[in-house]
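A.B. asks: Handing you this structure, nothing more for now.
The values are calculated or read from the model by the stated rules, or taken from the named source; none is laboratory data. Just so it is clear, the model here is predicted, and its values are computed rather than measured. So basically every Cβ, Gly included, is an ideal-geometry build from the backbone, and we count neighbours across all protein chains shown.
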Amino acid sequence: MKNFTVNTKICFGEKALDRLLTLEYRKVLVIADPFVVTSGLITQVTDRLQKAGITYEVYDDVVPDPPMEKVVGGIRVALQQRPACLIAIGGGSAIDLSKSVRKFAGEIDPVFRPQLIAIPTTSGTGSEVTSFAVITDPEKGVKYPLSEESMIPDEAILDEELVKSVPATITADTGMDVMTHAFEAYVSVNNNEFSAALAEKAVEICGQFLLRSFSDSGDSHARRKMHIASCLAGLAFNSASLGLNHGMAHQLGATFHISHGRANAILLPYMIEYNSGIDMHSKSKAEYPPCVRKYCNMARILGVSNFNEITTIRALVSYVQFMNKEMNIPLSVSALGSISEEDYNSKIEFMAEMALKDGCTATNPRTPTKQEVMELYRKIW
Ligand SMILES: NC(=O)c1ccc[n+]([C@@H]2O[C@H](COP(=O)([O-])OP(=O)(O)OC[C@H]3O[C@@H](n4cnc5c(N)ncnc54)[C@H](O)[C@@H]3O)[C@@H](O)[C@H]2O)c1
Ligand SMILES: [Fe+2]
């Protein structure tokens, strides 16, 4: 038996943040990305809390790819303050940290079970509706995706006003994260009709609006659409899970501090080739693996399909590379210019081992061997 549940109430559209005016909690803890505090974006939340007569504290010791140490700081504050609700505002890092704070604080003190409202300020991870949180161990160089139903936020507020300040590079990286979520959920071995519908819509929006968001940060319509696409793709992979692309990207993030979306973007063309078994030398076959039909559907939605599987897959790979090029995302790890080849090569075997253990890899449509994963890491160099 399968089931599909949306556990998060989603407020979106004009003045979505006004939902905060109607909260019934008297005391909340706001966990915020430091940019949200220094830029003053946080007043969009705190002004409304004041207006609603709600007392609040702000915890902003959040860093990208949050380590356990920062989660512990948040747990300490949460257990001291004992708010009725946590409000997470920021990118995936702030939201993942808040989800982990609620989980671990509740394990320490089972009576403490605050509500969680997630307000994303990037259009990327979909963390506002997922049961996943990614915590990094910087010493071991490993990212751990935690996954548990109880981590799903109770509410998500999608307000595009909060993403207009996102610079072009982060718009590009997070936008390609959305596209990767949709692709991976769509071809996952756990895919179903519900997750597929969400992934298709997310990809359609990326095709129409990602470049518009990238080239004009003030384009409200494009920003709103990408914010919704991020959430749709989050719902898709919350149901179907992800795949090897994320399993490998997590290791690139943990080992070389490549941003999450950028690591996914560099890997995605190679992953489509690997999963479909179609590269530039392939010849037509009578039969293809089932994911080929799915990739061809995505190609159709993006307007790059034709009647032959091989030419369609090649067009899809080129399309993803085109998107990366248009948004100045390097096509290889070496082109990032920040990592030495020797250092990279010395980490390939460890990264491959960790990628195989990563929870996302289990639902990849093709079961990879360690040698294949090492080869993929070499290809993206
Ligand atoms: N929980 C999930 O389901 C899930 C899914 C995918 C990725 N992740 C994780 O989420 C993290 C990545 O999240 P992310 O891509 O949103 O980036 P992020 O949260 O790490 O933020 C990236 C940068 O953007 C800045 N920023 C955030 N909002 C901004 C705004 N409105 N204007 C200007 N700058 C802004 C932040 O200060 C930060 O410097 C990684 O740790 C990744 O592993 C989680
Ligand atoms: Fe992701």
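A.B. asks: Restricting to the stretch 316-346, name every residue that is surrounded by fewer than 19 Cβ atoms within 10 Å (Cβ to Cβ) and either over 24 Å from Thr171 (Cα atoms) or in contact with a strand residue (DSSP E or B) (Cβ under 8 Å, 6 or more places away or on another chain) (or both).
C.D. replies: Ser340, Glu341, Glu342, Asp343, Asn345, Ser346, listed by residue number.
A.B. asks: Looking only at helices (runs of 4 or more DSSP H) that fall completely inside the stretch 187-260, which ones have 3 or more residues that are free of Cβ contacts under 8 Å to residues at least 24 places away in the same chain? Spell out how you get there, then give the answer.
C.D. replies: Details: elements: 193-215, 220-240, 244-256.
Counting at least 3 such residues, we get 193-215, 220-240.
A.B. asks: Taking interchain pairs and intrachain pairs at least six residues apart, which have beta carbon atoms under 7 angstrom, with the first residue in the stretch 161-173 and in contact (Cβ under 8 Å) with a residue 24 or more places away in the chain and more than 24 Å from Val45 (Cα to Cα) and the second surrounded by fewer than 17 Cβ atoms within 10 Å (Cβ to Cβ) and of a type outside the set (Gly, Ala, Ser)?
C.D. replies: Taking only residues 6 or more apart or on different chains, the pairs are Ala172/Asn328.
A.B. asks: If I ask for residues that are free of Cβ contacts under 8 Å to residues at least 60 places away in the same chain, in a helix (DSSP H, G or I) and closer than 25 Å to Phe237 by Cβ, which ones from the stretch 353-381 would you list? Show your work before the answer.
C.D. replies: First, the residues of the stretch 353-381 that are free of Cβ contacts under 8 Å to residues at least 60 places away in the same chain: 353, 357, 367, 369-371, 374-375, 378, 381.
With the extra rule that they be in a helix (DSSP H, G or I), the set shrinks to 353, 357, 370-371, 374-375, 378.
Result: Glu353, Lys357, Lys370.
A.B. asks: Only residues that are among the basic types (Lys, Arg) and either away from ligand 1 (no atom under 16 Å from the Cβ) or surrounded by fewer than 15 Cβ atoms within 10 Å (Cβ to Cβ) (or both): list them for the stretch 249-291, please.
C.D. replies: Looking only at the stretch 249-291, we keep the residues that are among the basic types (Lys, Arg), and these are 262, 283, 285.
Lys283, Lys285 - these are the residues of the stretch 249-291 that are among the basic types (Lys, Arg) and either away from ligand 1 (no atom under 16 Å from the Cβ) or surrounded by fewer than 15 Cβ atoms within 10 Å (Cβ to Cβ) (or both).
A.B. asks: Of the residues Pro138, Pro145, which is assigned by TED's automatic domain parsing to the domain that holds Leu21, within 9 Å of ligand 1 (Cβ to nearest atom) and more than 24 Å from Cys11 (Cβ to Cβ)?
C.D. replies: Values: Pro138 fails: within 9 Å of ligand 1 (Cβ to nearest atom).
So the residue among Pro138, Pro145 that is assigned by TED's automatic domain parsing to the domain that holds Leu21, within 9 Å of ligand 1 (Cβ to nearest atom) and more than 24 Å from Cys11 (Cβ to Cβ) is Pro145.
A.B. asks: So which strands (runs of 3 or more DSSP E) are wholly in the stretch 92-185 and hold at least 1 residues that are away from ligand 2 (no atom under 16 Å from the Cβ) and farther than 28 Å from Asn3 by Cβ? Break it down stepwise before answering.
C.D. replies: Details: elements: 115-120, 132-137, 142-147, 155-158.
Correct list: 132-137, 142-147.
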